[in-house]
Amino acid sequence: MHKPTAGWHADTIAIHGGEAPQDPHGALVAPLYQTSTFVFDSTHQGGQRFAGEEAGYIYSRLGNPTVNQLEQRIAELEGMQAGAAAATGMGAVAATMMAFLQQGDHVVASDAIYGCSFALFDHLFRRFGVEVSFVDMSDLEQTKAAFRDNTQLVFLETPANPHLKLVDIAAVSKLAHHHKARLVVDNTFMTPLLQRPGEFGADLVVHSATKYLNGHGDVVAGLVTGRSEDIELIKFTTLKDMGATMSPHDAWLILRGLKTLPVRMQRHCENALAVVAFLQEMQPAGMISRLYFPGVNQDEQSSHESDLLQTQMKAAGAVIAFDMSDGFRAATRLLDQLSMIKLAVSLGDAESLIQHPASMTHSPLTPEARAAAGIGDGLVRLSVGLEHADDIITDLRQAFTSLKKGAENTALNTD
Ligand SMILES: *Cc1c(COP(=O)(O)O)cnc(C)c1O
């Protein structure tokens, strides 16, 4: 029997949330339903299930007990009515958006979103006659002006990759609802532990579960939560017919990963603050020209940003970006000097991961588009992991030190 979760803290839901498949042996951990199909007792029962007149499973692309438990658990964590699981984060983004769009529709999207979400909207949607306007969503006037009569969906990410710019979810959701459009928020960087977009008016919340939700770097997966009727539509149109559904084994691994999400997020955030303090120390040495992290952004946005950090988020998260003063050469040399911190894209794993957006995640953009998006050749993105903060800082310090020595030697040689 499914326990009521009303009143439970997120820490408890992360462990007990969702209806666990029943095990006749009373196993503590619910069994993994690694099966493609489900056997009917009779042709009558099979017919009833297909007709939707009897509850029960038919085929794993249409539903699976292990996947279902994860869908319920994420919905409970986000405070939404229902959830749907997808094969990847992009599967979740695509299935969510396409469930509500048809030829001739219009979408308003933030100009700072995940690279593949941008590609999906800008290239693929265009081929099917859906137009997308990309706007700076931290500018509400610009956002307001982008709406049209045929705007169906609004899409944003906050903090946004890679500059961690914050967007006011409540303000954008008011604009969206005024135009009878649904607001979709990509909450991957925050997880429901640090930010619940539904509380600020988001209609649908998507995740790359590849990142913090699974947290162990061994799965690619996606999730979406929202109102029951919206989730039904996603499940039984785009997910079912386009087929980007999650494998039961991946769902089982994510259910396991979620149990430690609250303690992991706490450590991720503590470590990130320690690393930010270290990097702020580096700034006077002139090696870092700018640090990007919610709450420490040094521009005219900062007071609004710190308000949002207070109202919309429980903590700043654990992804940090910074610009190396000497551009491409300094950034790539710094990354090549690191030993414990791994040079890899992705984020939210136990391992600290560092990458160079200009040559990696954002390399498909033209240099002009990168410049317009403020992604310089010296930009570095660090996902702070769960190692001891001192060890992360030690690795960074030795890399900065050897970079500095290299620069001094070069200076001596050219003198
Ligand atoms: C990684 C990521 C995605 C895509 O997720 P996949 O699981 O790689 O398909 C979408 N949005 C954000 C913010 C991401 O970081």
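The values are calculated or read from the model by the stated rules, or taken from the named source; none is laboratory data. Given the structure is predicted, the values throughout are model-derived calculations rather than measurements. Every residue, glycine as well, gets a Cβ built from its backbone with ideal geometry; the counts of neighbours run over all protein chains shown. In case anyone asks, the SASA skips ligands and DNA or RNA and just uses the protein heavy atoms, side chains included. Shrake-Rupley method; radii C 1.70, N 1.55, O 1.52, S 1.80 Å.
Could you pull out the residue among Gln280, Gln355 that is open to solvent by 10 Å² or more (accessible area, probe 1.4 Å) and not charged (D, E, K, R)?
On the way: Gln355 fails: open to solvent by 10 Å² or more (accessible area, probe 1.4 Å).
The match here is Gln280.
Regarding Glu131, is this residue open to solvent by 60 Å² or more (accessible area, probe 1.4 Å), outside the structural domain of Val296 (by TED's automatic domain parsing) and under 24 Å from Gly104 (Cβ atoms)?
It is true that Glu131 is open to solvent by 60 Å² or more (accessible area, probe 1.4 Å), outside the structural domain of Val296 (by TED's automatic domain parsing) and under 24 Å from Gly104 (Cβ atoms).
Does any residue of the stretch 273-280 turn out to be modelled with pLDDT under 90 and more than 17 Å from Leu347 (Cα to Cα)?
Scanning the stretch 273-280 turns up no residue that is modelled with pLDDT under 90 and more than 17 Å from Leu347 (Cα to Cα).
Which of the residues belonging to the stretch 203-219 are within 18 Å of Pro159 (Cβ to Cβ), in a loop (DSSP other than H, G, I, E, B) and open to solvent by 10 Å² or more (accessible area, probe 1.4 Å)?
Once the filter is applied, which keeps residues that are within 18 Å of Pro159 (Cβ to Cβ), in a loop (DSSP other than H, G, I, E, B) and open to solvent by 10 Å² or more (accessible area, probe 1.4 Å), the stretch 203-219 yields Thr210, Lys211.
For the stretch 360-371, check the following and say yes or no: at least one residue is closer than 22 Å to Gln280 by Cβ, more than 16 Å from the ligand (Cβ to nearest atom) and open to solvent by less than 50 Å² (accessible area, probe 1.4 Å).
No: the stretch 360-371 contains no residue that is closer than 22 Å to Gln280 by Cβ, more than 16 Å from the ligand (Cβ to nearest atom) and open to solvent by less than 50 Å² (accessible area, probe 1.4 Å).
Let's see how each residue does on (1) among the aliphatic types (A, V, I, L, M); (2) under 27 Å from Asp11 (Cα atoms); (3) modelled with pLDDT of 95 or more:
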{"residue": "Asn150", "(1), (2), (3)": "no, no, yes"}
{"residue": "Ala171", "(1), (2), (3)": "yes, no, yes"}
{"residue": "Thr188", "(1), (2), (3)": "no, yes, yes"}
{"residue": "Ser208", "(1), (2), (3)": "no, yes, yes"}
{"residue": "Val219", "(1), (2), (3)": "yes, yes, yes"}
{"residue": "Val224", "(1), (2), (3)": "yes, yes, yes"}
{"residue": "Leu233", "(1), (2), (3)": "yes, no, yes"}
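From the list Thr188, Thr151, Thr143, exactly one residue is within 16 Å of the ligand (Cβ to nearest atom) and open to solvent by less than 20 Å² (accessible area, probe 1.4 Å). Which is it? Lay out the reasoning, then the answer.
Numbers: Thr151 fails: within 16 Å of the ligand (Cβ to nearest atom); Thr143 fails: within 16 Å of the ligand (Cβ to nearest atom).
Exactly one residue qualifies, and that residue is Thr188.
Table: residues versus (1) among the aromatic types (Phe, Trp, Tyr); (2) modelled with pLDDT of 95 or more; (3) not in a helix (DSSP H, G or I).
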| residue | (1), (2), (3) |
| --- | --- |
| Pro21 | no, no, yes |
| Gln45 | no, yes, no |
| Gln48 | no, yes, no |
| Glu53 | no, yes, yes |
| Thr66 | no, yes, no |
| Thr96 | no, yes, no |
| Gly129 | no, yes, yes |
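Which of the following residues is under 22 Å from Leu382 (Cα atoms) and either touching a residue at least 24 places away in the same chain (Cβ under 8 Å) or touching a strand residue (DSSP E or B) at 6+ places or on another chain (Cβ under 8 Å) (or both): Val224, Val220, Val296?
That would be Val220, the only listed residue that is under 22 Å from Leu382 (Cα atoms) and either touching a residue at least 24 places away in the same chain (Cβ under 8 Å) or touching a strand residue (DSSP E or B) at 6+ places or on another chain (Cβ under 8 Å) (or both).
Counting only residues that are within 26 Å of His178 (Cα to Cα) and within 16 Å of the ligand (Cβ to nearest atom), which one in the stretch 81-106 is surrounded by the fewest Cβ atoms within 10 Å (Cβ to Cβ)?
Per the stated criteria, the residue is Met98.
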